[in-house]
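Visitor: Encoded as structure tokens, here's the structure I'll be asking about.
The values are calculated or read from the model by the stated rules, or taken from the named source; none is laboratory data. Note that the coordinates shown come from a computational prediction; the quantities given were computed from them, not determined experimentally. Here the Cβ positions follow ideal geometry from the backbone for every residue, glycine too, while neighbour counts run over all protein chains shown.
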């Protein structure tokens with residue numbers, strides 16, 4: 001009895017807002033005169049510093065007919081600058097301009113302009129592909145990678161703590177005067193990446209098509225960050241430059257350093273190196289240009305797939321926020337997930353037993369969000385049985401409400417999960433950068449506090465408000481016999 | 001030497017960190033930056049090791065920065081311990097130990113208990129090890145450990161959960177045929193190791209049928225013992241208190257096998273002796289691959305997947321000179337950190353692929369290993385490309401391997417590969433969790449802790465001649481396998497196909 005009481009007190013302590021993640025996460029934040037923001041998390045003793053910078057702007061900003069542009073620019077930023085990646089910039093610059101003119105002509109005509117190959121060969125002799133990564137790896141840096149997401153694009157490097165100044169040099173250099181070399185080759189690599197990530201997975205293409213149907217043509221989230229093959233192939237260097245100039249402005253940049261680096265030193269280096277970037281627009285201009293995204297089209301889709309039969313049910317919700325309904329929907333996903341969650345208990349192992357696996361997710365981005373439930377059919381279960389089973393589950397949650405023990409479980413899991421995300425330096429750097437780009441890093445801890453306050457009534461409210469059968473789209477994939485056997 | 005004198009000497013030989021006058025200036029090139037020298041030394045192991053009453057070693061690396069604790073218990077048991085007909089038994093035993101209930105708790109109650117703590121407990125098994133992991137907030141670590149002990153000692157292997165798992169496995173097996181990467185994996189292992197090798201054994205409907213509760217109980221009873229087991233703990237813990245608690249829970253665990261887990265062997269100091277060089281590249285079989293040649297599996301689609309390679313290397317010692325040479329060779333060929341040969345050609349020059357994945361298993365056989373042929377892993381280059389480019393990409397891989405067999409690697413490339421390997425060394429010890437885990441793994445594998453302190457000097461000692469010698473001993477392009485899964489007509493007739501034919505013979509459709 002005594003131990004039960006003690007356990008109850010402990011549980012209460014953990015799930016109260018007082019025990020939030022805040023005391024464990026206090027980055028030093030500063031902003032340069034040009035608007036670029038820095039967050040420093042000092043972790044003494046770590047041999048490597050995780051350095052991440054992100055720009056507010058990802059595939060959602062791809063213009064019509066140029067889907068994949070943000071992703072291509074991410075790749076091109078590894079081609080170097082006037083200093084890195086060339087044997088002789090003075091000689092290379094005019095040739096590069098000529099190549100671009102010839103290339104543009106070739107794309108417009110649909111046939112290679114005469115002289116293109118010759119200029120390409122001369123450029124090849126002057127350029128040093130891989131030079132950017134080479135400078136870093138010679139200094140012992142690693143994990144050099146970049147990620148184009150819907151709302152942001154992030155660039156990461158891990159480097160020995162003694163060499164942190166190299167990161168300031170390299171990253172400010174490519175932001176200051178990038179040179180987009182090897183344009184044609186990079187288009188091919190982007191195309192390969194898309195094939196490898198999406199096209200070669202049996203269900204990948206379908207989820208891509210579902211995104212298009214769900215959001216509807218023209219919506220910023222209707223295409224994957226990877227881009228569209230035919231549109232990528234027609235991109236021009238001038239497209240890349242204008243995207244870079246409009247998006248990669250200091251007031252849209254956030255840099256995060258996690259590791260054995262002092263905030264004072266970081267501030268001094270940030271001023272010296274990134275202070276060189278010219279602030280092109282004010283914050284107000286950046287806010288004003290955020291377009292109102294159209295409502296999702298809620299298009300459903302059915303198809304055959306060389307995959308397990310499954311459905312994904314999507315309900316439109318709200319854009320990212322660290323408060324209110326957005327957080328209640330996140331907690332709802334927690335209630336449904338994990339082995340003691342409702343989906344597993346009721347659809348995978350319980351009475352209904354229709355699913356091989358099931359999961360829920362609340363996806364919330366800058367311009368909109370959705371709540372998704374994915375259910376893979378169990379053996380011998382027909383696809384049309386899945387959605388009604390899910391509906392019955394929701395009715396039971398509404399009728400009985402979320403139990404206290406369930407809510408406690410979810411709060412506790414969310415709290416330890418977020419600590420786990422703070423554990424790893426590069427992961428934390430990415431999370432901080434993304435949160436800062438979406439309105440401030442404190443949303444990470446604010447979100448946790450808000451999650452601890454979500455009640456059973458809140459869950460009922462968001463189910464009734466958002467998870468309505470009339471407002472949803474469904475992707476239904478039926479396994480197509482035995483493809484390729 | 002007096003302290004003052006020592007300081008003066010250091011000052012005289014150390015270059016200035018920054019130019020004093022132009023401290024605010026930005027150098028023209030990154031190479032002009034001057035840094036404090038950074039030579040990473042793995043953290044000392046002294047003080048981290050404890051022992052339970054039954055001799056099970058525990059490595060503890062405290063870190064009070066977050067209220068989290070990680071505990072890993074690893075047993076030297078895995079697929080390699082399965083007898084013929086027992087395929088998948090090791091993995092299934094681990095999975096069901098966690099999922100099938102334990103001690104007083106049925107399967108659902110166990111899940112409830114773990115989830116209510118906000119903790120995670122997972123059990124899994126691979127080729128050579130079975131791992132139980134507890135990952136929890138520090139205030140629930142005590143309850144979490146009790147659950148972990150329950151799973152270890154008294155798993156219930158619930159019949160209903162087992163039946164469900166079997167049903168799911170059968171479905172996964174039939175879905176595997178739809179996934180080109182899974183098909184490649186399965187068939188590649190058969191071509192390299194031969195259909196009878198435990199390395200290429202894969203689950204079948206029949207082996208899934210053979211999983212009954214008794215089989216799992218037997219495997220658990222026979223193989224899950226303290227012999228060779230290790231524990232690694234890190235996070236928000238007091239080392240002494242944690243070890244005392246672990247001793248209460250695991251210190252009476254009785255051995256089921258006669259031989260007990262020994263302490264890690266010590267490396268001889270100084271250069272290794274000549275006699276270490278009797279390693280075999282291909283286990284007892286002697287050939288690079290069981291069925292060498294160019295094989296194809298016809299699959300419609302816009303992407304082809306291919307793997308090129310052979311058996312890996314097997315050594316008697318972690319400190320075999322050829323082992324260090326092959327680490328550098330792999331890095332030169334396709335290091336993740338460096339601008340490697342395959343990446344330069346396939347990605348930067350020709351844009352044929354988005355990513356190449358190369359690994360070279362450099363296994364070390366314990367003296368006690370009776371069946372050495374099973375110890376040998378693989379050397380594999382894997383990539384995906386459009387079917388029309390499959391031959392061109394494979395030909396590049398072949399050319400680069402032959403270049404390594406023909407010419408000494410230039411010193412500058414060796415230096416860059418060495419830098420890249422050394423750059424990744426800190427990642428292996430990056431967080432307390434990694435430090436405890438790495439040193440515990442040493443003991444699990446029989447790898448001496450000194451391996452890490454000689455790591456740098458051994459890599460520095462490798463010469464171009466060493467790499468060429470190791471390549472010639474361990475890499476055999478004629479004896480290799482090229483397996484291409486993709487649209488066959490396109491995938492065999494592109495640029496480079498003649499070159500592949502010359503070395504590997506004509507492409508043959510693989511009968512399955």
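Visitor: Quick one: how many residues across region A:232-259 are buried (at least 18 other Cβ atoms within 10 Å of the Cβ), out of contact with any strand residue (DSSP E or B) (no Cβ under 6 Å at 6 or more places or on another chain) and outside any helix (DSSP H, G or I)?
Guide: 2
Visitor: On to the next question. Please count how many residues of region B:423-437 are more than 7 Å from chain A (Cβ to nearest Cβ), over 17 Å from residue B:136 (Cα atoms) and over 15 Å from the mean Cα position of the chain (by Cα).
Guide: Residues that pass the stated criteria total 2.
Conditions tested, residue by residue: (1) at pLDDT 95 or above; (2) assigned to a helix (DSSP H, G or I); (3) surrounded by 14 or more Cβ atoms within 10 Å (Cβ to Cβ).
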position: A:448; (1), (2), (3): no, yes, yes
position: A:458; (1), (2), (3): yes, yes, yes
position: A:463; (1), (2), (3): yes, yes, yes
position: A:476; (1), (2), (3): yes, no, yes
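Visitor: Which one is nearest to the other protein chains (Cβ to nearest Cβ), of the residues in region A:421-435 that are in contact with a strand residue (DSSP E or B) (Cβ under 8 Å, 6 or more places away or on another chain) and farther than 17 Å from residue A:42 by Cβ?
Guide: A:430
Visitor: Among the numbered criteria (1) crowded, with 16+ Cβ neighbours inside 10 Å; (2) at pLDDT below 95; (3) in the same structural domain as residue B:239 (by TED's automatic domain parsing); (4) more than 22 Å from the chain's Cα centre (by Cα), which one does residue B:79 miss?
Guide: Single failed check for residue B:79: (4).
Visitor: Next question. Give the number of residues within region B:142-167 that are within 14 Å of chain A (Cβ to nearest Cβ), surrounded by 22 or more Cβ atoms within 10 Å (Cβ to Cβ) and part of a loop (DSSP other than H, G, I, E, B).
Guide: Selection size over region B:142-167: 0.
Visitor: Further question: Quick check, is residue A:21 under 21 Å from residue B:67 (Cβ atoms), out of contact with any strand residue (DSSP E or B) (no Cβ under 8 Å at 6 or more places or on another chain), buried (at least 16 other Cβ atoms within 10 Å of the Cβ) and modelled with pLDDT under 95? Give the steps one after another, and end with the answer.
Guide: Numbers: under 21 Å from residue B:67 (Cβ atoms): yes; out of contact with any strand residue (DSSP E or B) (no Cβ under 8 Å at 6 or more places or on another chain): yes; buried (at least 16 other Cβ atoms within 10 Å of the Cβ): yes; modelled with pLDDT under 95: yes.
So residue A:21 passes the test.
Visitor: Test of understanding: among A:389, A:399, which residue is crowded, with 17+ Cβ neighbours inside 10 Å, outside any loop (DSSP other than H, G, I, E, B) and either in contact with a helix residue (DSSP H, G or I) (Cβ under 6 Å, 6 or more places away or on another chain) or not assigned by TED's automatic domain parsing to the domain that holds residue A:57 (or both)?
Guide: A:389
Visitor: Inspect all residues belonging to region B:124-141 and state whether any of them is in a helix (DSSP H, G or I) and either within 28 Å of the chain's Cα centre (by Cα) or crowded, with 23+ Cβ neighbours inside 10 Å (or both). Spell out how you get there, then give the answer.
Guide: Kept after step one, since they are in a helix (DSSP H, G or I), are these residues of region B:124-141: B:138-141.
If we keep only those that are either within 28 Å of the chain's Cα centre (by Cα) or crowded, with 23+ Cβ neighbours inside 10 Å (or both) too, we end up with B:140-141.
Within region B:124-141, one or more residues are in a helix (DSSP H, G or I) and either within 28 Å of the chain's Cα centre (by Cα) or crowded, with 23+ Cβ neighbours inside 10 Å (or both).
Visitor: Evaluate region A:275-291: report whether one residue or more is surrounded by 14 or more Cβ atoms within 10 Å (Cβ to Cβ), modelled with pLDDT of 90 or more and more than 27 Å from residue A:441 (Cα to Cα). Before you say what the answer is, go through the steps one by one.
Guide: Just the residues of region A:275-291 that are surrounded by 14 or more Cβ atoms within 10 Å (Cβ to Cβ), to begin with: A:275-277, A:279-281, A:286.
With modelled with pLDDT of 90 or more added as a condition, the list becomes A:275-277.
Applying the additional criterion that residues be more than 27 Å from residue A:441 (Cα to Cα) yields none.
Among the residues of region A:275-291, not one is surrounded by 14 or more Cβ atoms within 10 Å (Cβ to Cβ), modelled with pLDDT of 90 or more and more than 27 Å from residue A:441 (Cα to Cα), which makes the answer no.
Visitor: If residue A:416 satisfies every condition in (1) buried (at least 16 other Cβ atoms within 10 Å of the Cβ); (2) out of contact with any helix residue (DSSP H, G or I) (no Cβ under 8 Å at 6 or more places or on another chain); (3) without any contact (Cβ under 8 Å) to a residue 40 or more places away in the chain; (4) away from chain B (no Cβ under 14 Å) but one, which is the exception?
Guide: Checking residue A:416 against (1) buried (at least 16 other Cβ atoms within 10 Å of the Cβ); (2) out of contact with any helix residue (DSSP H, G or I) (no Cβ under 8 Å at 6 or more places or on another chain); (3) without any contact (Cβ under 8 Å) to a residue 40 or more places away in the chain; (4) away from chain B (no Cβ under 14 Å), the one that fails is (4).
Visitor: Moving on. Exactly one condition in (1) at pLDDT 85 or above; (2) within 14 Å of chain A (Cβ to nearest Cβ); (3) part of a helix (DSSP H, G or I) is not met by residue B:171; state its number.
Guide: The single condition residue B:171 does not satisfy is (1).
Visitor: Filter region B:73-97 for residues that are within 11 Å of residue B:124 (Cβ to Cβ) and out of contact with any helix residue (DSSP H, G or I) (no Cβ under 6 Å at 6 or more places or on another chain) and give the result.
Guide: Scanning region B:73-97 gives B:91, B:92, B:94, B:95.
Visitor: Test each condition in (1) surrounded by 20 or more Cβ atoms within 10 Å (Cβ to Cβ); (2) under 30 Å from residue B:300 (Cα atoms) for residue B:359 and report the one that comes out false.
Guide: For residue B:359, the failing item is (1).
Visitor: Give B:69, B:58 a once-over and let me know the one that is crowded, with 22+ Cβ neighbours inside 10 Å, under 22 Å from the mean Cα position of the chain (by Cα) and more than 27 Å from residue A:140 (Cβ to Cβ).
Guide: From the options B:69, B:58, the qualifying one is B:58.
Visitor: What about residue B:459, is it farther than 21 Å from residue B:380 by Cα, surrounded by fewer than 18 Cβ atoms within 10 Å (Cβ to Cβ) and within 14 Å of another protein chain (Cβ to nearest Cβ)?
Guide: So residue B:459 does not fit the description; no.
Visitor: Which number in (1) within 30 Å of residue B:490 (Cα to Cα); (2) more than 14 Å from every other protein chain (Cβ to nearest Cβ) marks the one condition that residue B:324 misses?
Guide: Unmet condition: (1).
Visitor: State whether one or more residues within region A:201-211 are facing chain B (nearest Cβ under 9 Å) and more than 23 Å from residue A:367 (Cβ to Cβ).
Guide: yes
Visitor: Which condition breaks for residue B:361 when tested against (1) touching a helix residue (DSSP H, G or I) at 6+ places or on another chain (Cβ under 7 Å); (2) more than 7 Å from every other protein chain (Cβ to nearest Cβ); (3) modelled with pLDDT of 90 or more?
Guide: Result: residue B:361 fails condition (1) only.
Visitor: Report the residue count in region B:308-324 for those that are closer than 20 Å to residue B:401 by Cβ and more than 18 Å from the chain's Cα centre (by Cα).
Guide: Qualifying residue count, region B:308-324: 2.
Visitor: Still on this structure, please answer the following. Among the residues of region A:152-162, count how many are surrounded by fewer than 22 Cβ atoms within 10 Å (Cβ to Cβ) and over 14 Å from residue A:52 (Cβ atoms).
Guide: 2
Visitor: For region B:193-240, which positions are closer than 19 Å to residue B:251 by Cα and without any contact (Cβ under 8 Å) to a residue 12 or more places away in the chain?
Guide: B:240, the sole residue that qualifies.
Visitor: Among the residues in region A:118-125, are any within 14 Å of chain B (Cβ to nearest Cβ), within 30 Å of residue A:160 (Cα to Cα) and buried (at least 17 other Cβ atoms within 10 Å of the Cβ)? Break it down stepwise before answering.
Guide: To start, the set of residues in region A:118-125 that are within 14 Å of chain B (Cβ to nearest Cβ) comprises A:120-121, A:123-125.
This time we only want the ones that are within 30 Å of residue A:160 (Cα to Cα), so: none.
No, there is no match, as no residue in region A:118-125 is within 14 Å of chain B (Cβ to nearest Cβ), within 30 Å of residue A:160 (Cα to Cα) and buried (at least 17 other Cβ atoms within 10 Å of the Cβ).
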